[in-house]
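See structure below.
The values are calculated or read from the model by the stated rules, or taken from the named source; none is laboratory data. Keep in mind it's a predicted model, so treat the numbers as computed, not measured. When we count neighbours, we look across all protein chains shown, and the Cβ atoms used for this are built from the backbone with ideal geometry, even at glycine.
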Amino acid sequence: MTDPTAETGTSPVSPEDPDHRSAFARMGDRRKRRIDELAEAGSLSDERGVSLWQSAWRRLRRDPVFLIGAVIILLFLIVALIAPWLAPHDPRARDLIGQVTPATPIPDPQPGYPLGGDNAGRDLLSRLIVGARQTLIVGVLATLGGLFGGLVLGTLAGGIGGWVDNIVMRVVDVMLSIPSLLMAFSIAAIFARPSQWTVILAIAIVQVPVFARLLRGSMISQRHSDHVLAARSLGVRAPAIVFRHMLPNSVGPVIVQGTLVLAVSIIDAAALSFLGLGNPDDSVPEWGQMLGRAQVFFNTYPHVAVYPALCIIVVALGFTLMGESLREALDPKSRR
Amino acid sequence: MRNRSVGALASAAALALLLTSCAESDRDTGDDGDGAPAGTDNATGTEPAAGGDDGASDATFVFGAAGAPTTFDPFYASDGETFRVTRQIFQNLIGIEEGGSEAVPELATSWESEDGLVWDFAIQEGVTFHDGTPLDAEAVCANFERWADQNEAGQSPSGAYYYGNDFGFGEDSLYESCEATDELTAQVTVSRVTGKFPMVLSQSSYAIQSPTAMEEYDANGIALEGEAFVFPEYAQEHPTGTGPFMFESYDNAGGSVTLTRNDDYWGDPAGVSEIVFRIIPDENARRQELEAGTINGYDLPNPVDWQALEDAGNQVLIRDPFNILYLALNPVADPQLEDPLVRQALYHALNREQFVTSQLPAGAEVATQFMPSTVSGWSSGIEAYEYDVEKARDLLEQAGKSDLTIELWYPSEVTRPYMPDPTRVYDAVKADWEAAGITVETVTKPWAGGYIDDTQASRAPAFFLGWTGDLNSADNFLCAFFCGDDNQFGTSAYDWHEDLQEQIAAADAEADEATRIGLYESLNEAIMSPEWLPGLPISHSPPAIVVGENVQGLVASPLTAEDFSTVTITE
Amino acid sequence: MLRFIVRRLLQAVIALFVLSVLLFAWLRSLPGGVVSALLGERGTPENAARLRAQLGLDDPLPVQYWRFLQRALQGDFGVSNGVYRGEPALDVFVQRFPATLELSLFALALALVLAIPLGYVAARRRGGMLDTGSVIFSLVGVAVPVFFLAYVLKYLFAVRWGLLPPSGRQSVGIDATHITNLYVLDGILTREWDAAWDALKHLILPAIALSSIPFAIIFRITRAAVIDVMDEDYVRTARAKGLTSSVIRVRHIMRNALIPVVTIVGLQVGALLGGAVLTEKVFAFQGIGQALAIGFERRDYPVLQVLIMFAALIYIVVNLAVDVAYALIDPRVRTK
């Protein structure tokens, strides 16, 4: 077994980043710590291979934390998939606009509209249901975007090493040093025409350094592992080693991190909308946007905010529970 | 209708003064009923405030402000948050009637002119500034001179915005001279006849300030430093006026402004001993502070909250709408709009009646022209563009634009008094237009994050904007919209652009009031004619101000120029 | 040691310089600008052009930056154009920073007081109901959008039940002397107990909302660290030696487990700042988070520049302090 601590140092006392080359190096420590732990976990899989997943699964099956998370996410996925057939009304149809007046901006619950309407007379329940799909899309795309960016940077850094590694990791450290919400805020603000895509892009960019560090750590810890050394001695070229031997072994930590990032993305989308940097077009509902926009009604019609908020909380919790229990299941230390 | 002739004007002024004092007496008796038994004799407004300890209480009126004041010298300000504070400290030569928009005497008891160029202002006797300086004709002229004598920073639109707009600096300035012909008569000469002088002096910026204090604290020392304006000591710490309240302190860190009652005030003393403006930028927070009883009132409550606020026992005072929300169409941004048929079609497709009744607060009105009906010059003879989807389709077909696609812009994350919720206006217009077969492409930008820039630079084909009037003047509305070759409506792309410019200038330069009003009426009719129609006036929306159950005496002003000295608070 | 510190300081200066360039360019590339913020619908194209020229915004960016740098080196960071017009931007920071500091410290203290005991207990009862329950609870804290939590707290405790003030830092009627601008501390220093109590009451709700993020992290780290330490040889030895459990608890487990916790706490500054933007908005709390939001809305470049630069500076200084502490404890760090 390779010693991951040689590169990434995870004993509780010594800092994660032992080289101290930059003033920013120690920032974002929380995220780094998680990332490095994950990278370490992934690096083990080449030793124990399938058995690691098997033992993880054995643990997860009996872990209530994981099960709760899994049930939530399963329900969420089902709703998101069949949303258009599940929703009783068209989420864009202003069926109740006749009841929207300045004195009563939010139509009350009524037969056929169990949760009432929103301030444009659209069925709130249908918007929540269809919103599940859009929320999933935002979360998944932002996560995939972050993953893709992280893959490029992390592969460059971990696969090539040397000065490339140095430069990439300095950039990543600087990015990690900025509070993630402020960074998302800054990126979202720069677009002249905000839309769903600018929100996704802003959240994705914030996740890039997280994935980059994760993948780099995982690759570096594999660099001297037996199967990589073996491949190298057989004359397999570097790119092939990276893609065929190193990346597949990073799948575990990426899945864990991806699950956690999905939760963060959904919450960040809500925060951006709250700060006025969300998608201005609400024809396709999304929970974060619904919550961010409902702040006007929080005093008078709190349910308009509470429903999307509960959806976000439950789904974000589901992803987080899954991610955390996965992480623990894959963590070698926890199996001692 | 106001009469231009000198004598009539003077008598109207006197009458207004009389009415005002009557109103004040009424108010006093009203207060007494509410439980200040000691102050029953405090009825006449001319008695100086010996009664500071009988009728007036030592209550504090806490008002939730949405933003910090720019400065305390209203001459360098152009925003409501600043004026709300300075109006309590300062007074103008010409005031605004309580609860209305007409000009009434304030520090000048009357004003008259033979030719519209030389104006004699009779100054109120027995008034002193907060620093003890007496108000006389010299002091008034010192103010006029001070206004004209601005450095480069002062002349900037971010300095003396109103003066730059209304008077202008240098050679072309409307202001010529001011002379104290006797102790209480200031003779002001202007360089040309214009309909807005002297009424323009009723705007908050033209507050009469203490010449002593201005001298001592370098009131004109505004400076441009780097990327920002730095205000002189006077404007930040020593604003000195004649009003019922005196500036006490500004707590930057805590976000509050404190004013105390001027016990030597020449009129009725203020009903509370202290006003505190607490700066609470978040609308929800303001509302909840009021509910918790930690503030006594705040301005511009969101119309969706009105009902709930009243249900909770608060008083929502709705002002008469003195604003306009319009949809501007700019042919420079989109040449399709050059065709009047297209513009007419867009208008006929709008169901403004439904929008106003369903989306705007009670008291809102459908607009027929680019000014509210209370402005002199509003024309009653304008034919309404009725809501007619079929007609809209026909017009588009005639224009060969049945498949019209148009970009519609609206600002995000902003509320304006004329547009409490931009999203709703946009929603309604989009739905209406789509119903007429028009394809709508949405563009939205933050207010200061590109919306203002782009709409003013003719980059937006169709967009929402509006205006709250500064005073009862048609020019204040029309010129803000249409003056100049690169105005936001892009009228220079039309062949009637020159005609429009000439008519606006001619109406403003007309000395006779009746004739001038006639000119504005026909100008409004021309603007709304099918051939011109540069944009689509939508609505006049009443802004509100809300105060708690225990606050009495606040009179809402259509110009949002409330005078807090009439406020009293019961325990 | 000295060389280490000097090197880190130099790196910090370079990092700050790079940040100031990036920040300058970013702020000025935002759509819209200070001119439209100042003039609003009153700005005609002529007025706007004139103001732009006066403010020097027409010059090329490098020229503008050079001007800024020259002034900044003399301690002049420009004057606010939006948050507090006419006020030096540095003063805005100086006035508002104590508010955010007070709020953050209070939130951090709350998180520590709750998370450490809970983390300890959870670790000792690993896998039990209490552990599962507290893990889920801490993750709920992560899943709830901070601003929503803030609204709910405010609605219940301030509006509904009237137990605590809904917003601001101190009541209007309180006549308080301010020395440090940390209002609670000021009240204690001047023995104005009512002022201190009043300020404290204003802190409670925003601090609870803000503490939700550090709470989850501190809980997680404490739990992980206690689990790690419990398995260490010296604890087993101590147990074998027959030491009483309370001695083991205090001397061996907690002391060693707290080391990573303390370091994590030092690194929460960034996350707290991100959360402060949201919390201060909801509670109209006059800190730098609120100033950032307003400054952003009004495109107040000098204020944004100063707030962000100084926030970064503080972040760097805190990290430097943590690293120096590390270097003192663990000599290996220095030599690397």
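Inspection of segment B:501-511 finds a residue satisfying the criterion of being modelled with pLDDT under 90 and in a loop (DSSP other than H, G, I, E, B).
Counting only residues that are outside any helix (DSSP H, G or I) and surrounded by fewer than 22 Cβ atoms within 10 Å (Cβ to Cβ), segment B:470-488 holds 4 of them. For residues that are charged (D, E, K, R) and exposed (fewer than 13 other Cβ atoms within 10 Å of the Cβ), tally how many sit in segment C:47-87. Within segment C:47-87, residues that are charged (D, E, K, R) and exposed (fewer than 13 other Cβ atoms within 10 Å of the Cβ) number 1. Looking across segment A:232-265, the residues that are among the polar types (S, T, N, Q) and either touching a His at 6+ places or on another chain (Cβ under 8 Å) or at pLDDT 85 or above (or both) come down to A:Gln257, A:Thr259, A:Ser265. The residue that is nearest to the chain's Cα centre (by Cα), counting only those in segment B:288-297 that are over 16 Å from C:Lys281 (Cα atoms) and not in a loop (DSSP other than H, G, I, E, B), is B:Gly297. A Cβ distance below 6 Å, combined with a sequence gap of six or more or placement on separate chains, defines the contacts here; from segment B:206-220, residues that are without any contact (Cβ under 8 Å) to a residue 24 or more places away in the chain reach residues that are assigned to a helix (DSSP H, G or I) and surrounded by fewer than 23 Cβ atoms within 10 Å (Cβ to Cβ) in the pairs B:Tyr217/B:Glu233. Screening C:Ser29 with (1) facing another protein chain (nearest Cβ under 8 Å); (2) under 27 Å from A:Val174 (Cα atoms); (3) surrounded by 13 or more Cβ atoms within 10 Å (Cβ to Cβ) gives one miss only, at (3).
Somewhere in segment B:358-366, is a residue among the acidic types (Asp, Glu) and in a helix (DSSP H, G or I)? Scanning segment B:358-366, I find no residue that is among the acidic types (Asp, Glu) and in a helix (DSSP H, G or I), so the answer is no. Among the residues making up segment C:124-160, those that are of a type in the set (Phe, Trp, Tyr) and in contact (Cβ under 8 Å) with a residue 60 or more places away in the chain are C:Phe147, C:Tyr151. I want to confirm something. Restricting to segment B:455-471 and keeping residues that are aliphatic (A, V, I, L, M) and within 12 Å of chain C (Cβ to nearest Cβ), which single residue is nearest to B:Leu201 (Cα to Cα)? Looking at residues that are aliphatic (A, V, I, L, M) and within 12 Å of chain C (Cβ to nearest Cβ), I get B:Leu465. Assessment of segment B:473-486 against the conditions (within 14 Å of chain C (Cβ to nearest Cβ), of a type in the set (Asp, Glu) and farther than 24 Å from B:Met528 by Cβ) yields no matching residue. Comparison of C:Gly119, C:Gly141 shows that the only residue that is away from chain B (no Cβ under 11 Å) and closer than 21 Å to C:Leu203 by Cβ is C:Gly141.
The sole residue among C:Ala284, C:Ala257, C:Ala276 that is buried (at least 23 other Cβ atoms within 10 Å of the Cβ), at pLDDT 80 or above, facing chain A (nearest Cβ under 10 Å) and closer than 23 Å to C:Leu110 by Cβ is C:Ala276. Among the conditions (1) within 27 Å of the chain's Cα centre (by Cα); (2) without any contact (Cβ under 8 Å) to a residue 60 or more places away in the chain, the only one that B:Gly363 does not satisfy is (2).
Going by the conditions given, is B:Leu300 at positive phi and away from chain C (no Cβ under 11 Å)? Considered against the rule, which asks whether it is at positive phi and away from chain C (no Cβ under 11 Å), B:Leu300 comes out as yes.
Among the residues of segment B:244-287, those identified as surrounded by 23 or more Cβ atoms within 10 Å (Cβ to Cβ), outside any strand (DSSP E or B) and away from every other protein chain (no Cβ under 14 Å) are B:Pro244, B:Asn262, B:Asp268, B:Pro269, B:Ala270, B:Gly271. Annotation: B:Asn220 fulfils all but one of (1) at pLDDT below 90; (2) assigned to a loop (DSSP other than H, G, I, E, B); (3) away from every other protein chain (no Cβ under 14 Å); the unmet one is (1).
Within segment A:301-310, the residues that satisfy the criterion of being within 11 Å of chain C (Cβ to nearest Cβ) and either of a type in the set (Val, Ile, Thr) or part of a helix (DSSP H, G or I) (or both) are A:Ala305, A:Val306, A:Pro308, A:Ala309, A:Leu310. Working only within segment B:137-146, note down all residues that are out of contact with any Cys (no Cβ under 9 Å at 6 or more places or on another chain) and buried (at least 21 other Cβ atoms within 10 Å of the Cβ). Selection gives B:Ala139 alone. Checking A:Ala93, A:Ala103, A:Ala83 one by one, the residue that is surrounded by 19 or more Cβ atoms within 10 Å (Cβ to Cβ), touching a helix residue (DSSP H, G or I) at 6+ places or on another chain (Cβ under 9 Å), among the hydrophobic types (A, V, I, L, M, F, W, C) and at negative phi is A:Ala83 and no other.
For (1) modelled with pLDDT under 90; (2) surrounded by fewer than 21 Cβ atoms within 10 Å (Cβ to Cβ); (3) of a type in the set (Gly, Ala, Ser), each residue gets a yes or a no:
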site: B:Gly35; (1), (2), (3): yes, yes, yes
site: B:Thr46; (1), (2), (3): yes, yes, no
site: B:Thr70; (1), (2), (3): yes, no, no
site: B:Asp79; (1), (2), (3): yes, yes, no
site: B:Arg84; (1), (2), (3): no, no, no
site: B:Ile89; (1), (2), (3): no, no, no
site: B:Gly95; (1), (2), (3): no, no, yes
site: B:Pro105; (1), (2), (3): no, no, no
site: B:Glu112; (1), (2), (3): no, yes, no
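From the list A:Leu214, A:Leu201, A:Leu182, the lone residue that is touching a residue at least 60 places away in the same chain (Cβ under 8 Å) and either among the hydroxyl-bearing types (Ser, Thr, Tyr) or in a helix (DSSP H, G or I) (or both) is A:Leu214.
If the condition is being touching a residue at least 40 places away in the same chain (Cβ under 8 Å), in a helix (DSSP H, G or I), surrounded by 20 or more Cβ atoms within 10 Å (Cβ to Cβ) and more than 14 Å from chain C (Cβ to nearest Cβ), then segment B:421-454 contributes B:Arg424, B:Val425, B:Ala428, B:Val429, B:Asp432, B:Trp433.
Every residue in segment B:151-191 that is within 14 Å of chain C (Cβ to nearest Cβ), part of a loop (DSSP other than H, G, I, E, B) and in contact (Cβ under 8 Å) with a residue 12 or more places away in the chain, please. Residues satisfying the conditions are B:Asn151, B:Ser156, B:Ser158, B:Gly159, B:Ala160, B:Phe169. When A:Ala271 is tested against (1) within 30 Å of C:Ala276 (Cβ to Cβ); (2) assigned to a helix (DSSP H, G or I); (3) touching a Ser or Thr at 6+ places or on another chain (Cβ under 8 Å), exactly one condition is not met: (3). Applying the criterion of being out of contact with any Pro (no Cβ under 9 Å at 6 or more places or on another chain) and farther than 19 Å from B:Trp496 by Cβ to the residues of segment B:315-340, the residue that is surrounded by the most Cβ atoms within 10 Å (Cβ to Cβ) is B:Leu317. Checked against (1) more than 9 Å from every other protein chain (Cβ to nearest Cβ); (2) at pLDDT 80 or above; (3) over 30 Å from C:Arg52 (Cβ atoms), C:Met309 meets all criteria but (3). Among the residues examined, C:Tyr301 qualifies as away from chain A (no Cβ under 12 Å) and touching a residue at least 24 places away in the same chain (Cβ under 8 Å).
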